[in-house]
Amino acid sequence: MNGLKLELEIVEIKDIAFDSTTAVRDHILYIDKEELINYLDDPRLQNMEVDLARPGESVRIIPVKDVIEPRIKDDGTGGSFPGFLGGYEGVGDGKTIVLRGCSVITTGKIVGFQEGIIDMSGPAARHCEFSELNNVVVKADPADGIEPSEHEAAIREAGLKAAHFLAKAGIGAGFDSVETYQLPEVSAELPRVAIMYMTIAQGLLHDNYVYGIDAKMLHPTLLHPNELLDGVLVNGTCVVAADKQTTYRHQNNALVRELYARHGVDLNFAGVIVVPVRPELKEKKRCCNGAVNLARTIRADGVIIPEEGGGNPEADLMMTCRACEKHGIKTVLIIALEDPLTDTTPEADAVIDVGNDDEVLTLPPVKKVLGYEEQVQLLSGAPENCIGDDGTIQVPLYVITGLHGSLIGSHVRGEVY
């Protein structure tokens, strides 16, 4: 797996603004708003709007559906997200232009109750890495008669298209740095470590997409880590906002980058195994056993298993842990222990807690809302009376998009007392 070499050409974006053309100049991303809206036109959507949200501004984005970093292949094809807006050749290899410091955020009328909030300032901002980005916010509501599943597909595709549109401005703009990802041969004495990447695949607005394919349709799949960094995994799930693994998190996977940094030092990074998390017991067993067989095939000595979501995925987590340990593969689990676990196993003796999210925050009124603030009362975990007469909002931390998840890179942590 050492043949692929991915070079991320980083274009630093320090501000965003509307202009008559879309271009990057002096680290500012200028956007032709009308052209972007026209590019995103879709009969499944209506009330399309594009707005900007910068760090420190009194802006609230709600309900957040996804966060995406603008990227595009610098190989003449102009592909961005294989299976959606790009082909498959060269994924995880060659050069990819990255607009670092900005993102596309999608919002609009509710798709599922498990959406979230991003505040660009105030007490919620310090818990959210996306509050530190220059965000291009795409709001679109479902056209009349559109079912929630069609709405989710339309707004997901609109976010990817917007990221692709913006990333094109980085072509020829000049990059500030290059991140290179390659897995050279290392000492055979080093332990072989893989990531078992649990990926929600449960239907009813709880899905993810690998190379454009609904993960429900997949058996566990082995990927080179470069493929993950190059946009093959797209978020389509409406799990609780704090647990949501946004597309941005997949693109900037902190766990992958950590193992890359240690490759050849104290471990041999053996790859990424995508494990669909299905609701049916039969399918859980299929995916668990398939994942363990792949780990054995690549001769993994150890695996790190970050959980996505909570509740029934803990059955997959523990089942996989138990089977790995049975075959001599050491496991480390990454999980948010905000609630009692629905399942456990004695073999789960190395667990990383990424933090609790039950603390209640009081969010002050903001000058500008992008989306629909009243829908906070529909979010998972938010009480119906959470909006006060003075305009303040009282909500638990788990309505903050990407608060922790299990990919490491959040602003909360768990501590043992």
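The values are calculated or read from the model by the stated rules, or taken from the named source; none is laboratory data. The structure presented is a predicted model; accordingly, all values stated were derived computationally and were not measured. Because the Cβ atoms are built from the backbone with ideal geometry, glycine has one as well, and the counts that use them run over all protein chains shown.
In this structure, does T77 turn out to be part of a loop (DSSP other than H, G, I, E, B) and in contact with a strand residue (DSSP E or B) (Cβ under 7 Å, 6 or more places away or on another chain)? So T77 fits the description; yes.
Pairs needed: first member in the stretch 188-211, under 16 Å from Y260 (Cα atoms) and outside the structural domain of E157 (by TED's automatic domain parsing); second member anywhere, among the basic types (K, R) and surrounded by fewer than 19 Cβ atoms within 10 Å (Cβ to Cβ); C-beta distance under 7 Å; at least 6 residues apart or different chains. Going by the 7 Å Cβ cut-off, the qualifying pairs are R192/R299.
I195: of a type in the set (A, V, I, L, M, F, W, C) and touching an Asp or Glu at 6+ places or on another chain (Cβ under 7 Å), yes or no?
no
The single residue among D26, D51 that is at positive phi, among the charged types (D, E, K, R) and either modelled with pLDDT of 95 or more or in the same structural domain as P225 (by TED's automatic domain parsing) (or both) turns out to be D26.
Conditions tested, residue by residue: (1) under 22 Å from I110 (Cα atoms); (2) touching a helix residue (DSSP H, G or I) at 6+ places or on another chain (Cβ under 8 Å); (3) modelled with pLDDT of 90 or more; (4) of a type in the set (K, R).
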{"site": "G310", "(1), (2), (3), (4)": "yes, yes, no, no"}
{"site": "E359", "(1), (2), (3), (4)": "no, yes, no, no"}
{"site": "L363", "(1), (2), (3), (4)": "yes, no, yes, no"}
{"site": "L370", "(1), (2), (3), (4)": "yes, no, yes, no"}
{"site": "R413", "(1), (2), (3), (4)": "no, no, no, yes"}
{"site": "Y417", "(1), (2), (3), (4)": "no, no, no, no"}
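Residue count for the stretch 37-64, restricted to those that are of a type outside the set (D, E), under 15 Å from S131 (Cα atoms) and not in a strand (DSSP E or B): 4. Taking the stretch 270-282 as the range and being crowded, with 16+ Cβ neighbours inside 10 Å and either more than 11 Å from P220 (Cα to Cα) or of a type in the set (V, I, T) (or both) as the test, the residues that pass are A270, G271, V272, I273, V274, V275, V277, R278, P279. Exactly one residue out of S149, S131, S121, S103 is in a loop (DSSP other than H, G, I, E, B), among the hydroxyl-bearing types (S, T, Y) and either touching a helix residue (DSSP H, G or I) at 6+ places or on another chain (Cβ under 8 Å) or at negative phi (or both): that is S121. In summary, strands (runs of 3 or more DSSP E) completely within the stretch 311-397 and bearing 2 or more residues that are within 22 Å of the chain's Cα centre (by Cα) and over 21 Å from N289 (Cα atoms) occur at 351-353, 368-371. When G83, G92, G78, G116 are checked against the criterion of being in contact (Cβ under 8 Å) with a residue 40 or more places away in the chain, buried (at least 24 other Cβ atoms within 10 Å of the Cβ) and not β-branched (V, I, T), a single residue qualifies: G116. Going residue by residue through the stretch 211-230, is there one that turns out to be surrounded by fewer than 24 Cβ atoms within 10 Å (Cβ to Cβ), hydroxyl-bearing (S, T, Y) and under 29 Å from D42 (Cβ atoms)? Checked the stretch 211-230: at least one residue is surrounded by fewer than 24 Cβ atoms within 10 Å (Cβ to Cβ), hydroxyl-bearing (S, T, Y) and under 29 Å from D42 (Cβ atoms).
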